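Asks: Handing you a structure now.
Nothing in this text is a laboratory measurement; each read-out follows from the coordinates by a stated rule. The structure presented is a predicted model; accordingly, all values stated were derived computationally and were not measured. Using ideal geometry, Cβ is built from the backbone for each residue, glycine included, and neighbour counts are taken over all protein chains shown.
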Amino acid sequence: MRIAVGSDHAGVAIRQAVVESLRAEGHEVEEYGPSSSTHRTDYPDEAAVVAARVSRGEIDRGVLICGTGIGMSIVANKFHGVRAALVVNEFMAEYAVRHNNANVLVLPGRILCPEYAVRLVKVWLAASFDSGRHLQRIEKIEKIEAQNFKKLEGKNT
Ligand code: RB5
């Protein structure tokens, strides 16, 4: 799978652990973010790069890490076709795909340890979308997305 992993300074340790684990499993991995937690960056920058790659279909999945995961989630969900899920346990990692078909996983770097974060990524990648009634709900999200992004485009031009 082609996966992009991005973080700001608050997610460096988890990002590096996730990248190493994904590469060891044979995934094609792109990495975005600072090399050290002492190099501060702004989470919208990395989130936008990864979310745009997913939105354009250039990669299959994205993983984003900031301090709380909240900022990265807000940014990633601004992009067409991106369903970013902020996850803190294995149940959420599994159901983010089973019910929400989440194509971006967001993790809180200041809450999780790297080992548990790697575990959550594995659970998320192993899960499959349940479809059925959940597909109808995804279609409703897509309608809302189309309606609201049209308005924003009008406002910005
Ligand atoms: C950076 O200090 C922090 O604000 C950021 O990592 C993230 O938690 C934002 O939502």
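Asks: Quick one: order His39, His9 by neighbouring beta-carbon count within 10 Å, fewest to most. Could you put the intermediate results ahead of the total?
Replies: Details: His39 11, His9 19.
Going from sparsest to densest Cβ surroundings: His39, His9.
Asks: Apply the Karplus parameterisation 6.51 cos²θ - 1.76 cosθ + 1.60, with θ equal to phi minus 60°, to every residue of the stretch 110-115 and state each ³J(HN,Hα) to the nearest whole Hz, in sequence, with x for glycine and proline.
Replies: Ordered by residue, 3J(HN,Hα) equals 8, 10, 9, 8, x, 4 Hz.
Asks: While we're on this one: Could you work out how much longer the chain between Ala24 and Ser131 gets when fully extended? Use 0.36 nm per residue separation minus the Cα distance between them, nm to one decimal. Walk me through the intermediate numbers first.
Replies: Values: separation 107, 0.36 × 107 = 38.52 nm, distance 3.01 nm.
Fully extending the segment from Ala24 to Ser131 adds 35.5 nm.
Asks: When the helices in the chain are scored as -39500 (n - 2.57) per DSSP H run of 4 or longer and the sum is shared across all residues, what 222 nm value do you end up with, to the nearest 500 deg cm²/dmol? Before the final figure, lay out the partial values.
Replies: On the way: 6 runs with 79 residues, N = 157.
After summing the helix terms and dividing by the residues of the chain, the value is -16000 deg cm²/dmol.
Asks: Put a dot 7 Å past each Cα toward the Cβ at Ala13 and Ser37; how far apart are the dots in nm?
Replies: In this crude spin-label approximation the distance works out to 0.4 nm.
Asks: What FRET efficiency would be calculated for the residue pair Ile141, Arg56, taking the C-beta separation as r and a Förster radius of 22 Å, to the nearest 0.05?
Replies: With R0 = 22 Å, the Cβ-Cβ based efficiency is 0.75.
Asks: Evaluate E = 1/(1 + (r/R0)^6) for Lys122 and Val88, where r is the Cβ-Cβ distance and R0 equals 22 Å; express this FRET efficiency to the nearest 0.05.
Replies: Values: r = 15 Å, r/R0 = 0.69.
Efficiency, from the Cβ-Cβ distance: 0.90.
Asks: Enumerate by residue number the trypsin sites (Lys or Arg not before Pro) in the stretch 25-97 meeting two conditions: DSSP loop (anything except H, G, I, E, B), and at most 11 other Cβ atoms within 10 Å of the site's Cβ.
Replies: Answer in residue order: Arg40, Arg56.
Asks: List the longest stretch of the chain that has no exposed loop site; here a site is one of the GluC sites (Glu not before Pro) assigned by DSSP to anything other than H, G, I, E or B, with at most 16 other Cβ within 10 Å.
Replies: Values: sites that count: Glu25, Glu58.
It runs 59-157.
Asks: Sort Met92, Met1, Met72 so the one with the fewest other Cβ atoms within 10 Å of its own Cβ comes first.
Replies: Details: Met92 17, Met1 12, Met72 35.
Fewest to most other Cβ atoms nearby, the residues stand as Met1, Met92, Met72.
Asks: Here's another thing I want to ask about it. May I ask you to sort Ile3, Ile70 by Cβ crowding, counting other Cβ atoms within 10 Å and putting the fewest first? All intermediate terms of the calculation are to be shown ahead of the outcome.
Replies: Values: Ile3 25, Ile70 13.
Arranged by neighbour count, lowest to highest, Ile3, Ile70 become Ile70, Ile3.
Asks: Please list the non-local residues whose amide H lies under 5 Å from the amide H of Leu64, H modeled 1.01 Å from N, same-chain partners needing a gap of 5 or more.
Replies: Gly6, Leu105, Val106, Leu107
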